[in-house]
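Written out below as structure tokens is the structure these notes cover.
The values are calculated or read from the model by the stated rules, or taken from the named source; none is laboratory data. Keep in mind that this is a model prediction, so the values were computed, not measured. Cβ: placed from backbone, ideal geometry, glycine included. Neighbour counts: every protein chain shown. Note: accessible area is taken over every heavy atom of the protein model, side chains too, but ligands, DNA and RNA are not part of it. Shrake-Rupley method; radii C 1.70, N 1.55, O 1.52, S 1.80 Å.
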Amino acid sequence: MKSHFKIPIGDNILLDETSVKSAKYDILNWVKFPNGSISAIKVGHFDLSASPGHQLSINQSSILWHSEGPNMELIPSSVCTQSCLPGYRKAPIEGRPICCFDCVPCAEGEFSDRTDMENCQKCPEDKWPNDRKDGCIPKTIVFLSYSDLIGEVLVFTAVSLSIATAAVLGIFIRHRDTPIVKANNRDLSYTLLAALMLAFLCSLLFIGLPVTWTCLIQQAAFGIIFTVAVSCVLAKTITVVIAFNATRPGSRLSRWLGSRVSGSIVLLSTLGEVTICLSWLLTSPPHPGTDTQSETGRIIVQCDQGSVTAFYSVIGYMALLAFASFMVAFLARDLPDRFNEAKLITFSMLVFCSVWVSFIPAYLSTKGRNMVAVEIFAILASSAGLLGCIFIPKCYIILFKMDSDTREHIVLKSNT
């Protein structure tokens, strides 16, 4: 096959198989200069007659690239997309060549530290990507601290309530021979006030960085102290019922009156909670743990309960005693006031039970330091309910209504 044509400069060109195989072509670099002139510079050649591997020859130093400014050369790229910077990954575009891709930011929790990475990498559990997602930084350690605003408020509240409880205990001890203190079983009142004071203070064990010893004792101390408090209320209410019925002619219940019976109720009730707590500590004790999944970029340091069943057994046993106290107090609510003011005990146990019924869903729906704060709030609120409902009215009578704190007044009131 032959081809004959005339080029613009006037030369006639005849191409056949022989001439094509021996053809030699110059490679020109067309350059447009700032003044608008254009020039073709030879930068290499292509020789078909040369041996394979030596047919193409280019002098790269002779090539002049177009520029947009001083020393800013636009070098041609073999891809249709610029390189993906660190923090991004290459995502192929469907229907386009492999050299065409999108640069997609790394997903949450992932990073890329090199250019044109096809996949992002996950950071270790104790680290999190930085803002640019081109590296990992340590996660922030989070716990309910004494320096947090909520921690400061809870500490102030707990200390203030414990001081108030100590003041009430001091009032009862100072006026221990008055009828209203005697009528409310002094020993049980002292024990209940001491338990409430310790309950306020034990909430401080939940604040601060969890360590082994605090994790071991915080739940056990809370459960045992609250069991003592609730069992004291139960013993006081049972004593009221027995005392009222013992005054009836022919009743044999008078032998059940006295500190021995009420003390036995408190001791046996507390022994059950102690058994649960000891079993918990011996089989699957609480210990410090970390939660790296609940909050983005944070490590939550908290006490791992060890056995969830044991934890809810402690709460459940205490709730059972509280419910029993509430029912007994409710049945005794219409007894004369001199028998321990059963109406106020009923209301106090209603407040106590309401707080802990609300605690369970609130506790399960929160994480981290908010979960700890919910438990502390429940401890403080329920303890304050017992203190306010049972003892504040009596302190008011002792301090400001001394004319009502007489045996004659109590007997007269009980007969009306």
Checklist entry - What span do the alpha-carbon atoms of region 172-236 cover on each of the three principal axes, reported in whole Å from largest to smallest? => result 47, 23, 12
Item to check | R0 of 30 Å, Cβ-Cβ distance D134-T366: FRET efficiency to nearest 0.05 | outcome: 0.30
Item to check | Filter on K42/K90; K90/K127; K122/K367; K133/K367 - keep pairs with C-alpha separation over 32 Å | outcome: K42/K90
Item to check | Portion, in percent, of the accessible area of region 258-380 that falls on carbon or sulfur, probe 1.4 Å | outcome: 66 percent
